[in-house]
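Data block below; observations after.
What follows draws every value from the coordinates through simple rules; no lab data is involved. Since the structure is predicted, the reported quantities are computational estimates derived from the model, not experimental observations. Virtual Cβ from ideal backbone geometry, glycine too; neighbours counted across all protein chains shown.
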Amino acid sequence: MGAKGILLIVSGLMCLVGFLVIYLGIRKKQRCTEPAIAKIVDIKRSEDTDENGKKSYSYQPVLEYTVGVEKIRKTASVSSSRRKAYKIGDNVNIRFNPMKPKEFMTEKQKTGAFTGVFLMVIAVGIAVVTLIYA
């Protein structure tokens, strides 16, 4: 198998990953239907260092909400590079999965459709360029 075959396989895999990102995000949104209000109880900070040694930070809110008698505390999937984007004590509107209450989405959380479509477009572009020029 030559370079052309490898590039076509890579673009096919990228297309598959893009589709999965879209599908899983939509399925999660369909499962998370029960509205609730969660409180930001902590801020989780993550550090990343680039190849030049420059550090950057991202911040994720840790949310706490109650379903029935169970108190659930989980880190949200949303993040920001700005520390002041989240404030301890603030309320956040969420929707949780009634069958699995620890699974939730915030109102700001996206399904991943843009990312999935972007990956698929790049994959198709790679395939087209490979078929035309390789």
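For residue 32, what is the net charge nearby, where nearby means another residue's Cβ is under 12 Å from its Cβ and Lys, Arg count +1, Asp, Glu -1?
+4
Among the lysines, which have Cα under 18 Å from the Cα of residue 28 when same-chain residues fewer than 8 positions away are ignored?
74, 100, 102, 108, 110
In deg cm²/dmol and to the nearest 500, what is the mean residue ellipticity at 222 nm of the chain if only DSSP H runs of at least 4 residues count, each as -39500 (n - 2.57), divided by the residue total?
-13000 deg cm²/dmol
Can you give me the three principal axis dimensions of the chain from its C-alpha atoms, in Å, biggest first?
Computed over the chain, the largest-to-smallest principal extents equal 60, 41, 20 Å.
Show which aspartates and glutamates lie in cross-link reach of residue 29 when reach means a straight Cα distance below 14 angstrom and same-chain residues fewer than eight apart are skipped.
103, 107
Pop a pseudo-label 7 angstrom from the Cα along the beta-carbon direction at both residue 75 and residue 99 and give the gap in nm to one decimal.
About 2.7 nm, to one decimal.
Helix 3-31 versus the longest principal axis of the chain: what is the Cα-based angle in degrees, 0 to 90, to the nearest 10?
The angle comes out at about 20 degrees.
For residue 108 and residue 129, compute 0.36 nm times the residue count separating them, minus their Cα-Cα distance, and round to one decimal in nm.
Contour length minus the Cα-Cα distance gives 3.9 nm.
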